[in-house]
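Here is the structure we will look at.
Derivation of every value follows stated rules applied to the coordinates shown; laboratory data play no part. Computed from a predicted structure; not experimentally measured. We place every Cβ from the backbone using ideal geometry, glycine too, and count neighbours over all the protein chains shown.
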């Protein structure tokens with residue numbers, strides 16, 4: 001494989017806390033590489049600790065892309081990611097370097113690989129209305145509502161998948177039609193992109209759970225509460241925003257609102273992170289042709305390097 005425009009893109013995907021960043025850096029130490037972050041949280045400025053963003057020294061050593069590109073008051077779509085990522089790929093290859101797409105936002109990977117359907121654009125006010133109803137009634141209640149108007153979409157979504165349940169309801173409220181119907185009718189607005197996915201999947205779920213808890217405790221020690229407190233002090237930020245709904249931030253926000261204790265925030269954040277990892281693994285295991293590496297194996301780095309070496313041969 002070469003760095004030509006026709007070469008498949010190497011995607012390094014895995015659940016949270018699976019070691020994607022460390023392995024991406026190991027690739028960059030072997031070959032002239034630039035990393036494109038596939039992460040819906042690290043795009044936000046002033047959200048560093050809780051997103052496990054690469055440190056300043058790491059960013060100086062290896063060029064990273066799509067970090068700190070949005071203020072927490074702003075949103076960012078899968079369509080915007082696809083556009084920005086493909087532009088980064090073209091520029092990286094023009095420099096003769098290897099682009100590695102690394103992260104855990106599976107919707108972004110899907111948008112990159114498959115392209116996107118022409119669905120209604122987001123409406124901020126409708127999203128706020130949906131979020132307010134979720135606060136009052138809970139996401140399972142909104143999922144039940146979705147099951148009535150769009151049973152096909154509801155059947156494939158978890159009742160607590162707030163992002164996708166909310167988006168499906170938003171599409172219904174904007175268009176008056178279920179998302180499943182519009183997807184069937186919509187034309188494909190982007191050409192698919194050829195990718196090769198290296199999937200970091202832990203052989204033992206319990207070991208990943210332990211790592212998730214340890215990592216969150218380390219974030220607390222590094223000042224995560226103070227980071228969230230600074231965001232909470234901003235009058236333009238609220239729980240209706242995707243940035244505030246990020247795992248860890250949402251629970252500590254509730255703590256600062258006086259709704260739960262710090263211990264409860266910690267427990268809920270760790271539980272939410274485990275649920276996120278479960279959803280990420282479910283998505284990965286449905287992906288045909290992925291190259292699976294045990295994320296927690298002591299040989300994981302060497303195994304990934306061997307794959308990349310073979311792809312570049």
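Across the range 124-185, the mean sequence separation of Cα contacts (distance under 8 Å, 6 or more residues apart), normalised by length, yields a relative contact order of 32 percent. Given a Förster distance of 35 Å, report the FRET efficiency between residue 267 and residue 156 from their Cβ-Cβ distance, rounded to the nearest 0.05. After rounding, the FRET efficiency stands at 0.75. Per-residue extension of 0.36 nm, minus the Cα-Cα distance of residue 124 and residue 183, leaves a gain of 19.1 nm for this segment. Based on C-alpha pairs under 8 angstrom that are at least 6 apart in sequence, the chain has a relative contact order of 27 percent. For the chain, the Cα gyration tensor yields ellipsoid semi-axes of 31, 25, 19 Å (square root of five times each eigenvalue, largest first, whole Å). The calculated FRET efficiency for the pair residue 31 and residue 294, based on their C-beta separation and a Förster distance of 25 Å, comes to about 0.65. Extents of the range 124-185, largest first, come to 33, 23, 16 Å (Cα atoms, principal axes, whole angstrom). Using a simple spin-label model with pseudo-atoms 7 Å out from Cα toward Cβ, residue 207 and residue 229 lie 3.8 nm apart. Stretching residue 278 away from residue 91 to a fully extended chain increases their span by 63.9 nm, per 0.36 nm per residue minus the current alpha-carbon distance. Modelled label positions at residue 45 and residue 256, each set 7 Å beyond Cα in the direction of Cβ, lie 1.7 nm from each other. Between residue 174 and residue 239, the contour length at 0.36 nm per residue exceeds the alpha carbon distance by 21.2 nm.
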